[in-house]
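> One structure coming up, written as structure tokens, with questions to follow.
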Amino acid sequence: MQPEEKIIEVSHLVKHFGKFKAVEDVSFDVFRGDVYGFLGPNGAGKSTTIRTILSLIKPTEGQIKLFGKDLDGNRSYILKRIGCIVEKPDFYKYLSAEKNLELFARISGVEVTKSKVHEIIEFVGLKGREKDKLSGFSHGMKQRLGIAQTLIHDPELIILDEPTTGLDPQGIIDIRNLILQLKNERNKTVLLSSHILSEIELIANRMVIINKGKTIVQGSVHDLLNAQELIVAFTVDNTDKAKQIILLSSLPVSIENVSDNVLFIHISREKIPVLNKLLCDGGIHVFSIESKRKLEDYFLKLISA
């Protein structure tokens, strides 16, 4: 079996702006075919890291490799193989979608036919609007056209920095589906930056969480968001008695914490109804049961910190 090919390798990246430490120690690897979630609260250092990957700014320390080559010294070779949206796509609002893409292609030195432009516009879900001026486009339509722009030179890697910011629920679904199409229909590798865990969970296969400029955890989304590993909050009328019942039982659970009338219990999903029945049979009134995955709870703490 062939080893997986690393498309992005970021090792101990550091970026300081004077005394401000935007990135302290970020490391992660993106493999060919990944939809890779780059996750962290606002201000964690995601955009700065992306700008260093795109060679828009130079790192203070650390190493960046793309397609197996050092970014330093191979910039032109590497950037030809990348498409990106950093923050929000910019267009000429009084030109049509078609003309904007053709102009971008000329500026980029890419020869592109009108039929190719129309094919890309159809792929991103804007067929029938190619002749319309951008001044009449919604925010979601502009985001989709931004993704069309990244495809003009048929890159292998697409980097999207918070592409769903400001979108309504339908717009978020549209962009999510489009990202999955990039992987499944176009065989693209996607690095997706976001501050929303649920968004990454739905479409990424691997992920990294950074906070305060440092890598916190990385791995496969399946492993990190294992639905069987839960912390469940049982709200009861008597925590002392409930705790005693749990400790005397043979259930494979552990009490993580007790707060007011709430027991926080580490438990597998299938044992939740068993524990609930045990408490009720013991005379405990259970008012509510709320579960959180361990990583979700941890991420929420990062955001509120």
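The values are calculated or read from the model by the stated rules, or taken from the named source; none is laboratory data. Computed from a prediction, not measured in an experiment: that's the story for all the values here. Because the Cβ atoms are built from the backbone with ideal geometry, glycine has one as well, and the counts that use them run over all protein chains shown.
> For the range 53-63, indicate whether the set of residues that are polar (S, T, N, Q), farther than 23 Å from residue 197 by Cβ and assigned to a strand (DSSP E or B) is non-empty.
The answer is yes, given that some residue of the range 53-63 is polar (S, T, N, Q), farther than 23 Å from residue 197 by Cβ and assigned to a strand (DSSP E or B).
> What do you reckon, is residue 260 acidic (Asp, Glu), over 30 Å from residue 40 (Cα atoms) and modelled with pLDDT under 90?
When the stated conditions are applied, residue 260 passes them.
> Within the range 86-111, track down each residue that is under 15 Å from residue 145 (Cα atoms), free of Cβ contacts under 8 Å to residues at least 40 places away in the same chain and in a loop (DSSP other than H, G, I, E, B).
90, 95
> Residue under question is residue 64, and the condition is that it be more than 16 Å from residue 147 (Cα to Cα), in the same structural domain as residue 166 (by TED's automatic domain parsing) and either touching an Asp or Glu at 6+ places or on another chain (Cβ under 9 Å) or polar (S, T, N, Q) (or both); does it hold?
yes
> Within the range 49-63, restricting attention to residues that are among the β-branched types (Val, Ile, Thr) and surrounded by fewer than 20 Cβ atoms within 10 Å (Cβ to Cβ), which residue is farthest from residue 86 (Cα to Cα)?
60
> OK, next. Output the residues belonging to the range 18-29 that are surrounded by fewer than 24 Cβ atoms within 10 Å (Cβ to Cβ) and part of a strand (DSSP E or B).
Matches in the range 18-29: 20, 21, 22, 24, 25, 27, 28, 29.
> Here are 268, 291, 259: which of them is loosely packed, with under 15 Cβ neighbours inside 10 Å and either on the phi < 0 side of the Ramachandran plot or assigned by TED's automatic domain parsing to the domain that holds residue 194 (or both)?
259
> When residues of the range 69-85 are filtered for being in contact (Cβ under 8 Å) with a residue 60 or more places away in the chain and more than 23 Å from the chain's Cα centre (by Cα), how many remain?
Residues meeting the conditions: 1.
> Out of 197, 202, 182, 224, I need the residue that is modelled with pLDDT under 90, assigned by TED's automatic domain parsing to the domain that holds residue 51 and buried (at least 18 other Cβ atoms within 10 Å of the Cβ). Which one?
Just one listed residue meets the conditions, 197.
> Quick one: in the range 112-140, which of the residues that are part of a loop (DSSP other than H, G, I, E, B) and touching a strand residue (DSSP E or B) at 6+ places or on another chain (Cβ under 8 Å) is surrounded by the most Cβ atoms within 10 Å (Cβ to Cβ)?
130
> OK, next. Out of the residues in the range 165-209 that are assigned to a loop (DSSP other than H, G, I, E, B) and aliphatic (A, V, I, L, M), which is nearest to residue 47 (Cα to Cα)?
Top of the filtered list is 196.
> Another question, if that's okay. For the range 141-154, what are the residues that are buried (at least 18 other Cβ atoms within 10 Å of the Cβ) and not in a helix (DSSP H, G or I)?
Hits for the range 141-154 are 152, 153.
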